[in-house]
Amino acid sequence: MFLKSSKINELRLWGLLLTLGGMGIMIIGTGGMLLWGNLGKYIISIPFMIIGTISLLGSVAVYFWAGTLSTSSITLECPECGKATRHIGKTDRCMHCRTILTFDKNKAEKDQEQ
């Protein structure tokens, strides 16, 4: 339960990981160029710069996707913490307290029985 979060926050997390990973890969490529000179420039830096750039472009796509989902999501008040949260799909989690929220009556009835 500790590692679960809302769908929008999960997408933002993947965007952040792609950004940090791409920047880290690019730094490793730059370090190879500085440590090994011309050999590092061709063998290490160019592939690492290309992979890092692709990762950064992937993070831009993920952040754009999360933004478009965020604008079309439903805002509702969480019954547990009382804060406004975004809801995507039939089931989602509160962004603040991670309570499972659902619009599906069948799943809501199963949760109440337990």
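Since every read-out is calculated from the coordinates, none of them should be taken as a lab result. As the structure is a prediction and not an experimental result, all values here were calculated from the model. Virtual Cβ from ideal backbone geometry, glycine too; neighbours counted across all protein chains shown.
This model, with +1 at the C-beta of Lys and Arg and -1 at the C-beta of Asp and Glu, gives the chain a dipole about its Cα centre of some 160 debye. Checking the cross-link filter: which lysines have an alpha carbon closer than 29 Å to that of Lys105, excluding same-chain neighbours under 8 positions apart? Hits, sequence-local ones excluded: Lys4, Lys7, Lys83, Lys90. How many angstrom lie between the C-alpha centres of region 42-101 and region 5-23? Spelled out, the Cα-based centre of one part sits 6 Å from the other. In plain terms, the bigger the Kirkwood radius, the slower the diffusion; for region 1-50, with that radius from Cα pairs, at 37 °C and 0.692 mPa s, Stokes-Einstein puts D at 265 µm²/s. A helix-only calculation puts the chain at -21500 deg cm²/dmol for mean residue ellipticity at 222 nm, using -39500 (n - 2.57) for each DSSP H run of at least four residues, averaged over all residues.
Scaling against 2.2 N^0.38 Å puts the C-alpha radius of gyration of the chain at 1.56.
Dividing the mean sequence gap of close Cα pairs (under 8 Å, 6+ apart) by how many residues the chain holds gives a relative contact order of 26 percent.
Between the listed residues Ile25, Leu11, Val62, the Cα displaced farthest toward the positive end of the dipole of the chain, a dipole computed from Cβ unit charges relative to the Cα centre, is found at Ile25.
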